[in-house]
Amino acid sequence: MAYFCSTTYGFLLAILLKIVLCMSGRVSLGSRLYANNNQTWVSDNGTFAFGFAPAVGSSSRSQDDHRYQLGIWFADLPGDRTLVWSAYLISPVTKEAILELDTTGNLVLTDGRTLTWTSNTTRDDIQSAELLENGNLVLYTINQHIAWQSFSHPSDTLLPGQPLTISNELTSSRGPTRVGGYYILKILQQPTSLTLALSYNLPKEPYNLSTKALSNYSYWATPEFSNLTGDVTAVLDQAGSFGVVYGGDSASAGAVYVYKNDNDKGELSSAINQTNRPLVLRRIILETNGNLRLYRWDNDVNGSRQWVPEWAAVSDPCDIAGVCGNGICNLDRTKTNATCVCLPGSDTSGDDFQCRANSSYTGNCRVPHENWNKSEFKIETVQQTNYYFLPSAVIANYSDIASVSKCGDVCLSNCECVASVYGLNQESPYCWVLRSLEFGGFEDSGSTMFVKVLSNASSSEEREDGSGMSSSTRTKVVVPPVVLGMLVLVGLLCCLLYVNVHKRRGLKRALNSSLIVSGAPVSYNFRDLQNSTNQFSELLGTGGFGSVYKGSLADGTLIAVKKLDRILPHGEREFATEVNTIGSMHHMNLVRLFGYCSEGAQRLLVYEFMTNGSLDKWLFVSHNTRERLLEWSTRFHIAVGTAQGIAYFHEQCRNRIIHCDIKPENILLDENFSPKVSDFGLAKLMGREHSQVVTMVRGTRGYLAPEWISNRPVTVKTDVYSYGMLLLEIVGGRRNLDMSFDANNFFFPGWAFQEMRNGDAMKVADRRLEGAVDEGELLRALKVGFWCIQDDVSMRPSMSEVVMMLEGSVEVNEPPMPQSVFELIEEGLDHVYKAMKREFNPLSSFIITNMTSQPSSGATCSYSTMSPR
């Protein structure tokens, strides 16, 4: 009898649980949805439905070939099944598809015998699923805790109250198939701030590029949000406003608007995961064309019901990278609609708008200047057009192009070039020479694009007239005697002019010296500097730009004289102008330039003498000795002072300078161990053709930013990377790459990051200091160093931000592991160490010895090398 009662009780309890689940809209384990019978799970009040919706374009197929997409949509909108969530990183499924909440608590989608998607939530305590009135599909545990929710795995849409956190992102769909697309909305974390950004991921086809080349390219971003505390999320609130909320329930909670609805009278709501039905149906979607757009459902628009746009992030569709594939985006007269066209030599191909070349020419020169005939190609000019490009696509950027057409000639003469772009950046000309075209172009009245295409073999230059003479033959005419006489006369005049110029050279030198403004560097003659240095007898050091000698002026002032090697053939006036620009920069953390010498082929610079020499002599001494040991306070003082000096010529000078060779050898120390940056501005004197080679020769492998290695354009952030490596060496008192250490820590940044993450930052400090370190300053320096060496240029701080972080005036966020460090660790430090041990050569590991006369890449150093876009 007791057994019967207990069995009956258990049976009734199970029935009761089923009834409760049905009444509450809950879905029990074992429940299924079938693609072919239009079943759905519906929220309590019928606002949202979850199930199989016909995939876009499916209606044109036969009944047996229909395709379906698993997703969530507004259930009570007549004639509209716009998905607001889907597992759309998978392709649409057939009518054989089944979704099951299986007995292990896992949502499983199968298509025939193929496992297509799963929620990966297999656990014993999941009891049910429910679609809430806010559109969130939730899996509950026995204790009514949320084990999984669709809001935490967004697709291309945010609903009111749905949070977009730092750990997830919106991804656009890609046309009718709703397979994951090319555009992303994500909160990007910076060292001291955050920003909400739209980015473009280059498709793998038809470019066949490396994974790194496909990295995010941000084309729209909010202003940076600083000093945000607690959890940070982007949210569309119930009133139709969109922005960033932070702080949660803390007293410092707040919000920053990205878009504020005119009818929103309150603050941006920080209440997320609200379960009630919104009064006005809205959604914000990252569309297939890359725009982020807010829609509102309108029940009466000209007698119909439809979604009405309320706001868009990008007003000009041509500002969206890749909107026309690799073609050109043109606006119509209303400036709101865009059309796409291909560049000369290509036409459209594929479902997505992509342009493919009509010829086999791709711009790849596997063997430069071999099997390459310039006459096979010609240049087509595309007026008023600019182009987005990957940094890795840049061959060079020339700022000394004499005319617009010369930019096209440069491309035609370069085997690797497929196109070039000419324009003005603050009245300074630029000519970008490109090896590939991926991101697409746009209208720009101030730019001209030149595209290399194959010449037509049957062109007019081979046409023949009635005489049987081709046009090329007709150009070979006899030069009349009168022309010969004119040439002789011009030659005589040139000889007289040369003699006159030669005689007046001394007068020109005097004129140049008289033009030097008060306070500018002094002009010395070569003989005086020979005497000041005792015939250049005391060598202080040798670098990529030349050798440095100790000397003294007549008044006893000690000087360091640098004899420049491989200098560009500047005229004396031009050289004096460049030196005056460098000499006009005065800062307590920059080495002072006293003067210069410019006589014939001699080019010398005269600097103040620094008593304690360069920083490397104090950092990299034996770890078994305390000789020349820099105390922690001195190191931190050097780190901050160096950052202040770099920040000065990056951000506070009228002529911004990119150093391109920040390393300990170029940080000099005075008698008080105050740091002074040397060699700033010299890359401009060397010129574009030499600057990269010189920097690669001078700089050790550890200081070069990834953009140098991959031929991407150099910016001020390149110096930031080098400074980050320098900062880590100041902390550790060792080279970042040192084969004398074992496999675990031969690469200092990788080892140091792991120790910092494990809470053992003190182990990273120079062991000779024996723990005499300010732990707060140490942790701050490490964090700043790792932010500086991020592979993504946009994640690196500016040097002024570096100064503020080191000084403690702003908080420093936890940095992510730099991608290159992560890849090295993933590959296996022991494996890499053994490989480098086998091939290690003290010279070839730190310099590039194979210097050719080929044109340098786009990685150049000058007063301003920023991209015009």
Since SER809 meets every condition but one in (1) closer than 21 Å to PHE225 by Cβ; (2) out of contact with any helix residue (DSSP H, G or I) (no Cβ under 9 Å at 6 or more places or on another chain), which condition does it not meet?
(2)
For segment 100-115, does any single residue satisfy the condition of being among the polar types (S, T, N, Q) and at positive phi?
no
Please name all residue pairs, on different chains or six or more residues apart, with Cβ atoms under 6 Å, provided the first residue is in segment 577-604 and is over 11 Å from PHE680 (Cα atoms) and the second residue is charged (D, E, K, R).
ASN589/LYS676; SER598/GLU572; LEU604/LYS563
Looking only at segment 749-778, and only at residues there that are among the aliphatic types (A, V, I, L, M) and part of a helix (DSSP H, G or I), the one that is surrounded by the most Cβ atoms within 10 Å (Cβ to Cβ)
ALA752
Segment 84-116, residues that are part of a loop (DSSP other than H, G, I, E, B) and either closer than 17 Å to PRO54 by Cα or touching a Pro at 6+ places or on another chain (Cβ under 6 Å) (or both)
ALA87, TYR88, LEU89, ILE90, SER91, PRO92, THR94, LYS95, GLU96
If a residue has to be of a type in the set (Gly, Ala, Ser) and exposed (fewer than 14 other Cβ atoms within 10 Å of the Cβ) to count, how many in segment 92-125 make the cut?
1
Do we have ILE662 as modelled with pLDDT under 90, buried (at least 21 other Cβ atoms within 10 Å of the Cβ) and in a loop (DSSP other than H, G, I, E, B) here?
no
Considering only segment 768-818, how many residues are closer than 21 Å to THR634 by Cα, of a type in the set (Ser, Thr, Tyr) and touching a residue at least 24 places away in the same chain (Cβ under 8 Å)?
1
Out of everything in segment 547-572 that is in contact with a Leu (Cβ under 8 Å, 6 or more places away or on another chain) and either part of a loop (DSSP other than H, G, I, E, B) or at pLDDT below 80 (or both), what residue ends up being surrounded by the most Cβ atoms within 10 Å (Cβ to Cβ)?
ILE567
Odd one out for HIS586 among (1) farther than 24 Å from GLY546 by Cα; (2) at pLDDT below 90
(1)
Count - residues of segment 576-619 that are among the aliphatic types (A, V, I, L, M), buried (at least 19 other Cβ atoms within 10 Å of the Cβ) and in a loop (DSSP other than H, G, I, E, B):
4
Kindly indicate whether any position in segment 826-844 is within 27 Å of the chain's Cα centre (by Cα), surrounded by 12 or more Cβ atoms within 10 Å (Cβ to Cβ) and at pLDDT 65 or above.
no
Looking at segment 361-388, which of the residues that are at pLDDT 80 or above and closer than 27 Å to THR715 by Cβ is surrounded by the most Cβ atoms within 10 Å (Cβ to Cβ)?
TYR387
I'd like the full set of residues that are surrounded by fewer than 18 Cβ atoms within 10 Å (Cβ to Cβ), within 24 Å of ASP156 (Cα to Cα), modelled with pLDDT of 85 or more and of a type outside the set (D, E, K, R), limited to segment 312-338.
ALA312, VAL314, SER315
Please go through (1) surrounded by fewer than 19 Cβ atoms within 10 Å (Cβ to Cβ); (2) outside any loop (DSSP other than H, G, I, E, B) for ILE401 and return the number of the only condition it doesn't satisfy.
(2)
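The values are calculated or read from the model by the stated rules, or taken from the named source; none is laboratory data. No experiment lies behind these values; they were computed from the predicted model shown. Positions of Cβ are generated from backbone atoms using ideal geometry, with glycine treated the same way; all protein chains shown enter the neighbour counts.
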